[in-house]
Amino acid sequence: MVPNSTKGILGHFYEPADALAAAAKVRDAGWKHFDFLTPFPVHGMEEAMGQKRSWLPWVTAVLALCGIVFAQALQNYVMVFDWPMNFGGKPFAAWPAFIPITFEAMVFWAALGSAVVAIVAGRMDSVPQPPPMAVKTGATFDRFVLWISATDPKWDAAEAERFVRSLGADGVRLVDVGGRTNA
Amino acid sequence: MTREHYRALPAVPDRLALPRRVQVLSLATVVVGTATLAWAFSRGEAQLAWSAYLIGAFFTLGLGAFAVAWLSMLYLTGADWSVTMRRIPEAMTAWLVPGGLLTMAVALSAHSLYHWSHAEAVASDPLLLHKSPFLNVTTFTVLLGASLLLWAVFGTRLVSASLRQDREGGYAATRANRTLSAIFLVLFAVTLSIVSFYLLLSLEAHWFSTMFAVLVFTDIVQTGTAFVAVVAGLMVMSGTLRGFLNEHHLHSLGKMVFASTGFWAYIYFCQYMLIWYANIPEETAYFLRRSGNGWLAYFAILPALKFVVPFLFLLPRDAKRNPRKLVPVAVLLVFAQFWELYVMVGPALTHGAEAAHGHLPVVELLVTLGFLGLFTLVFGQALSHRDPVPLKDPALLACLEYHS
C-alpha cells in the first residue's frame, strides 16, 4: 500500500507557477517528506521538488534483454533441438523468422514488467501521503496542494505551519487524524 | 496574486546566418563535387557520373521533401514544442525549386541509368513491355515533374502563410496551414511513391517491393530529422537562439531521430524478411545482387550505420538533450543515408552485360557532398531572410515553457 501519514500539514496554491516556486523553497529548506497534489501534471515539478531521476528505465532495459534472451532461447531450443521441422526448405535456425517473436517478447517483457515494477515500487518508495478520504484537499479540482508529512525528520508542527504560511499558501491546515487511517 | 510569474520574452536574436566557415566549406564542396562530376564525364564514365548525380540529387531532394512533410505533421499534430525551431524546416523547403530542377536533369541520364528507357530492350522483354505504360521517358518526366512541382507549391504556401503570421499575427495562418497540411500529407504519400519508384526502384525494373515507398519515407524522415538536429544542436551550442531553443526542444527532436532509427530497422527488415520468406526469384535477385560482386560488406554495415549504432547511442535520455552528443549521431545518420542510397543505386547498375562491382564510393561521396554543400548554401540563404523565430505564432509561449 501507499504509505499514509496520520499527521502533517496542507497548504493551497491556485497557480502552477506558485506551486513550482513553493516546491523549490520547500526543497531548499531541507524538507524530505513532502509532496504536491495537483489536478494535472505540472511541468518542472520533479526538478522543483528535487526528485532524482527514476531508476525504472534500467529495469525496462534489463527486462527487454531478458525478453530477447527468452525468445531466442525458446525458439532455438524448440525449432533446432527439440522438434526440428522443415519449413519451405529454410534452415532450422532461420534467424529472420525468429526476429518478430524476439521483438514482441522484448516489448512484452519490458512493458508489462516495467508496469508491474512501477506499481510495486510506487507503493513502497513514496512519500507518506495525507490520510485518504479524511482530508478534502481540492487537488482533484482547482488547487495545487502542498503536503508535508509529520514523518519528516525535521518536523515540528509550529515551525511547519509558520514555514508553509511564509510560502504564501492559502488554507494552511494541520492534519492529525490519530489512528483513523491504515498507516 | 501571481501574474508576475509570466515572464517577458527573451531578447530576440539577430537574423540567422550561416557561419563564415560553413559557407566557405559548403562552397568548397560544391566546387569539388562539380569538378568530380566533370572529371567522371570527361573520362567517359557516364554511368558512374550519373549514378553519383542521382545519389546526390535524391539525397538533397529528400531533405527538401522531408521539410514540407514535417511541417505538415507538426501543424497537424499541434506540435507546440517545435515553434521556435520551425524556421529550420521552413528554410529547408527553399531547396525544392533548385533541387527539383536538378533532379529533373536525371531524365537526361535515362539511357545511362534506366534499362527500361531503351526501346529495343523493352521490345524483347515481356515484363518491361507490360510495365511500359508507366515506365517510359515521357511519363517519367511528366509525373516526376508534377510531383516535384506539387511539393514546391505546398512548401511555398506553408512557408508564406507562416511569414504572413510574422507580420499580422493571429490564428488564421495556423488554421490555414493545418488544412493545407492535411491535404498535402495525402498527396505526399502518392507523390513520394511515384518519385521513389521512378528514381530508385525502376533502376531494377524487374524487381518490385511493396515496402519500397515506405522505406524511402523512413529514410527521408531519418535524414531530415537528423539534419534538423544538427542545425538545432549547433544553435543550442552556440547560443544563437538563447532563451528560445533549449534542451527540452532538443529532447523532443532527439526522440524523433531516435524513433526513426527503430522505424528504419522495422521497415528494412520487413522488406528483407518478406522476400526471404517467399523466396521468389524476381524478388530475391535484389538481395543476391547486394551480397555478391563485392557488395556484401557495403550492404552488411548498413544496419549498423542506420540502426544499431545510433539506436544504442541515443537510448539514454542525456544523449537526446545534450547537443554535444546529439549532433555527432545526427551527422552519422546523414552520412548513413548516403550509404544506403549507394547500396540502393550502385549494385543496380550494369556495365554492359556485367553486374557492377562494389567499390569505395569516392566519386559518389564527393558529388553528394557537393549537393549537400549547395543545399546548405540555399538553406542558409533562406534562413537569413526571415525572422529567426515566429514571434507571433499563437503557440510561442507554450513552446518557450515546454518541458520534455
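Would you confirm whether any residue within segment A:21-36 is touching a residue at least 24 places away in the same chain (Cβ under 8 Å), within 14 Å of chain B (Cβ to nearest Cβ), closer than 25 Å to A:TRP109 by Cβ and among the aliphatic types (A, V, I, L, M)? Checked against the condition, which is being touching a residue at least 24 places away in the same chain (Cβ under 8 Å), within 14 Å of chain B (Cβ to nearest Cβ), closer than 25 Å to A:TRP109 by Cβ and among the aliphatic types (A, V, I, L, M), segment A:21-36 yields no hits at all.
In segment A:75-102, the residue that is nearest to the other protein chains (Cβ to nearest Cβ) out of those that are in contact (Cβ under 8 Å) with a residue 12 or more places away in the chain and open to solvent by 60 Å² or more (accessible area, probe 1.4 Å) is A:ILE101.
B:PHE263 passes every criterion in (1) at pLDDT below 90; (2) part of a helix (DSSP H, G or I) apart from (1).
Taken over segment B:75-115, the residue count meeting the criterion of being touching a Cys at 6+ places or on another chain (Cβ under 7 Å) and among the aromatic types (Phe, Trp, Tyr) is 1. Check segment B:153-161 and report whether any residue there is under 22 Å from B:LEU54 (Cα atoms), open to solvent by 80 Å² or more (accessible area, probe 1.4 Å) and under 21 Å from the mean Cα position of the chain (by Cα). Scanning segment B:153-161 turns up no residue that is under 22 Å from B:LEU54 (Cα atoms), open to solvent by 80 Å² or more (accessible area, probe 1.4 Å) and under 21 Å from the mean Cα position of the chain (by Cα).
Looking across segment A:130-165, the residues that are hydroxyl-bearing (Ser, Thr, Tyr) and either surrounded by 13 or more Cβ atoms within 10 Å (Cβ to Cβ) or modelled with pLDDT of 90 or more (or both) come down to A:THR137, A:SER149, A:THR151. Can we say B:LEU305 is within 14 Å of chain A (Cβ to nearest Cβ) and in contact with a helix residue (DSSP H, G or I) (Cβ under 9 Å, 6 or more places away or on another chain)? Here the answer is no, as B:LEU305 does not meet what is asked.
Of all the listed residues (B:THR240, B:THR218), the sole one being in a helix (DSSP H, G or I) and of a type in the set (S, T, N, Q) is B:THR218. Within segment B:271-286, can one find any residue that is within 14 Å of B:PHE208 (Cα to Cα) and within 21 Å of the chain's Cα centre (by Cα)? The answer is yes; a qualifying residue exists. Among the residues of segment B:376-404, those identified as more than 14 Å from chain A (Cβ to nearest Cβ) and part of a loop (DSSP other than H, G, I, E, B) are B:HIS385, B:ARG386, B:ASP387, B:PRO388, B:VAL389, B:PRO390, B:LEU391, B:LYS392, B:ASP393, B:PRO394, B:ALA395. Take the residues of segment B:313-357 that are among the acidic types (Asp, Glu) and away from chain A (no Cβ under 14 Å): which is farthest from B:GLY254 (Cα to Cα)? It comes out as B:GLU354. Number of residues in segment A:44-59 that are in contact (Cβ under 8 Å) with a residue 12 or more places away in the chain and either at the interface with another protein chain (Cβ under 9 Å from one of its Cβ atoms) or aliphatic (A, V, I, L, M) (or both) equals 6. Restricting attention to segment B:346-375 and to residues that are open to solvent by 50 Å² or more (accessible area, probe 1.4 Å) and in a strand (DSSP E or B), the residue that is farthest from B:GLN165 (Cα to Cα) turns out to be B:GLU354.
The values are calculated or read from the model by the stated rules, or taken from the named source; none is laboratory data. From a predicted model like this one, the values you see are computed outputs, not experimental measurements. FYI the Cβ positions are ideal-geometry reconstructions off the backbone, even for glycines, and counts take in every protein chain you see. All accessible areas refer to the heavy atoms of the entire protein, side chains included, with ligands and DNA or RNA removed. Shrake-Rupley method; radii C 1.70, N 1.55, O 1.52, S 1.80 Å.
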